[in-house]
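Novice: I have a structure here, written as structure tokens, and I will follow up with some questions on it.
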Amino acid sequence: MHTDLVAALDIGGTKIAGALVDREGRILARAHRPTPAREDGDTVMAAVGAVIADLAASPLWERAGAVGIGSAGPVDASAGTVSPVNVPGWRDYPLVAKVRDAAGGLPVELIGDGVAITAAEHWQGAARGHDNALCMVVSTGVGGGLVLGGRLHPGPTGNAGHIGHISVDLDGDPCPCGARGCVERIASGPNIARRALENGWRPAPDGDTSAAAVAAAARAGDPVAVASFERAARALAAGIAATATLVEIDIAVIGGGVGKAGEVLFAPLRKALTEYATLSFVQRLTVVPARTGTDAGLVGAAAAALMGRTDAAVAGV
Ligand SMILES: [Zn+2]
């Protein structure tokens, strides 16, 4: 039997997506369910099981040789468990064992969603061809992952590169993680909007107070909106520069809703990088928007499944 495909699962707080993916990263079959995020753990797992059952109903399923999971975090890949912040019914939940059972005993690879998007960007997106890269998702939270020496670097538990909780302001605001002045506390979408509102920005008559609305105001020249994005850009730049100095990345890729803000974010970010990334070996660091779209989580989970197999080199991941 040819097992030239992998099954991929992208598990988030609002949606569970699944796909059968080939070695070129093409999606050949899809399934999805809403995440019953407020229900108990087994009810959430039943939704995952329904997605797997939908995929297994495809005639292509018999070609699947492994399952890759990209999950909202924290995850613990070494233990095979997940504890997503937005799914309270799952705490140290044995997701890998449950998915293995639901998938007929196929091998299962688990990574965090930030690492999954990094895998997708390295395979098909803006980090393609870069052996040392940081990829970030800047949206409701700030996550990320690393490619080092040409390979995905998930770390022992699957969370390496979680740049959102690097502190860039030692005495800054308390962060829900317990530390202070984290990148996420300054640069996430809700924090960009919060800071703009606190400093006197007022939304348009439609009442939209999202970071996208702040970005639109910044593009129109609203100085408070501009300043809120500049502050976020400085936090991101400091975190990126620290990462580059530690592990010598040459590109940082930014995705997520805030990453779509365009020059309102990227212009001050490039400027701030010149202030923080100062040593000779990080001065050529570039920062660019992500290229993969809404399927990035699935494609990255597929990449993890392909990498977890002995013939991963065939996939070129
Ligand atoms: Zn934090």
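Novice: Going by how many other Cβ atoms sit within 10 Å of their own, how do E230, E24 line up, fewest first?
Specialist: Ascending Cβ contact count within 10 Å gives the list E24, E230.
Novice: What number, in percent, do you get for the relative contact order of segment 5-112 if the mean sequence gap of Cα pairs under 8 Å and at least 6 apart is divided by its residue count?
Specialist: Over segment 5-112, the number comes to 27 percent.
Novice: Answer with one residue from A193, G68, T35: the one whose Cα lies farthest towards the positive end of the charge dipole of the chain, charges on Cβ with Lys, Arg +1 and Asp, Glu -1.
Specialist: Toward the positive end, the furthest listed residue is A193.
Novice: Taking only the C-alpha atoms, wrap a convex hull around segment 1-134 and report its volume per residue in Å³ as a whole number. Can you show the working numbers first?
Specialist: Values: hull volume 14.4 nm³, N = 134.
Roughly 107 Å³ of hull volume per residue.
Novice: Run the reach check for K98 against aspartates and glutamates, Cα to Cα strictly under 14 Å, same-chain hits fewer than 8 apart removed. What comes back?
Specialist: The qualifying aspartates and glutamates are D42, E109.
Novice: If you don't mind, there's one more thing I want to ask. Going by a ≥ b ≥ c, the root eigenvalues of the Cα gyration tensor, does segment 244-298 fall in the rounded group (a/c under 1.5), the prolate group (a/b larger than b/c) or the oblate group?
Specialist: It is oblate, given that a/c is not under 1.5 and a/b is not larger than b/c.
Novice: Count the DSSP beta bridges whose two residues both fall in segment 126-290, then state the antiparallel fraction as a percent rounded to the nearest 5.
Specialist: 55
Novice: Under a Cβ-only charge scheme (Lys and Arg +1, Asp and Glu -1), can you give me the dipole magnitude of the chain about the Cα centre, in debye to the nearest 20?
Specialist: Using only the charged Cβ atoms, the result is roughly 400 debye.
Novice: Got a sec to turn the phi values of segment 192-204 into Karplus ³J(HN,Hα) couplings, 6.51 cos²θ - 1.76 cosθ + 1.60 with θ = phi - 60°, whole Hz, x for Gly and Pro?
Specialist: For segment 192-204, the Karplus curve yields 4, 5, 4, 5, 4, 5, 5, 9, x, 5, 10, x, 5 Hz.
Novice: Among the DSSP beta bridges whose two residues both lie in segment 5-112, what percent are antiparallel, rounded to the nearest 5?
Specialist: 60
Novice: Going toward the positive end of the dipole of the chain, with +1 on Lys and Arg Cβ and -1 on Asp and Glu Cβ, which of A241, A103, P59 do you reach last?
Specialist: Looking along the dipole axis, the top candidate is A241.
Novice: Same structure, new question: Which whole-Hz ³J(HN,Hα) couplings does segment 62-74 yield from phi under the Karplus relation 6.51 cos²θ - 1.76 cosθ + 1.60, θ = phi - 60°, glycine and proline marked x?
Specialist: Values per residue, Gly and Pro as x: 5, 8, 7, x, 6, 10, x, 10, x, 10, 3, x, x Hz.
Novice: Can you list residues from other chains, or at least 5 along the same chain, whose modelled amide H is less than 5 Å from the amide H of G255?
Specialist: Hits under the 5 Å cutoff: M136, V137, V138, A290.
Novice: Charges at C-beta only: +1 for Lys and Arg, -1 for Asp and Glu. How large is the resulting dipole of segment 126-290 about its Cα centre, in Debye rounded to 20?
Specialist: Using only the charged Cβ atoms, the result is roughly 160 debye.
Novice: Right, next: Express as a percent, rounded to the nearest 5, the fraction of DSSP beta bridges in the chain (both residues included) that run antiparallel.
Specialist: 55
Novice: Tell me, what does the Kirkwood hydrodynamic radius of segment 126-290 come to in angstroms if you use every pair of distinct C-alpha atoms? Walk me through the intermediate numbers first.
Specialist: Values: mean 1/r = 0.0631 Å⁻¹.
Across segment 126-290, the inverse of the average 1/r is 15.9 Å.
Novice: Bin width 10 Å, origin at 0, all Cα-Cα pairs of the chain: what percent of pairs per bin?
Specialist: All Cα pairs considered, the percentages come to 6, 27, 32, 23, 10, 1, 0.
Novice: What is the gain in length, in nm to one decimal, between R38 and C177 on full extension, counting 0.36 nm per residue of separation less the C-alpha to C-alpha distance?
Specialist: 47.9 nm
Novice: Just want to confirm a number: the relative contact order over the chain, from Cα pairs under 8 angstrom separated by 6+ residues, in percent.
Specialist: Values: 735 pairs, mean separation 60.7, N = 317.
It comes to 19 percent, rounded to a whole number.
Novice: Between R180 and residues 5 or more places away or on another chain, which pairs have amide H atoms under 5 Å apart, with H built 1.01 Å from N, and which residues are they?
Specialist: Residues meeting the amide H criterion: C175.
Novice: Using +1 at the C-beta of Lys and Arg and -1 at the C-beta of Asp and Glu, which of V115, A304, V168 has the Cα lying farthest in the positive direction of the dipole of the chain?
Specialist: Of the candidates, V168 comes out farthest on the positive side.
Novice: Using alpha-carbon pairs under 8 Å, 6+ residues apart, how would you state the relative contact order of segment 126-290 in percent?
Specialist: Worked out over segment 126-290, it gives 25 percent.
Novice: While we're on this one: So how do H153, H122 line up by other beta-carbon neighbours within 10 Å, fewest first?
Specialist: With the fewest neighbours first, H153, H122 line up as H153, H122.
Novice: Run a plain Debye calculation on segment 191-242 (Cα atoms as equal point scatterers, no solvent) and give log10 I(q)/I(0) at q = 0.19, 0.21, 0.26 Å⁻¹, rounded to two decimals, same order as the q list.
Specialist: -0.56, -0.66, -0.91
Novice: Using only the Cα atoms of segment 156-240, what semi-axes does the equivalent ellipsoid have when each is the square root of 5 times a gyration tensor eigenvalue? Give whole Å, largest first.
Specialist: 26, 12, 12
Only the coordinates and a few stated rules stand behind these numbers; no lab work does. Everything numeric here is computed off the predicted structure, so don't read it as measured data. Ideal geometry is used to build each Cβ from the backbone, glycine not excepted, and the neighbour counts take in all protein chains shown.
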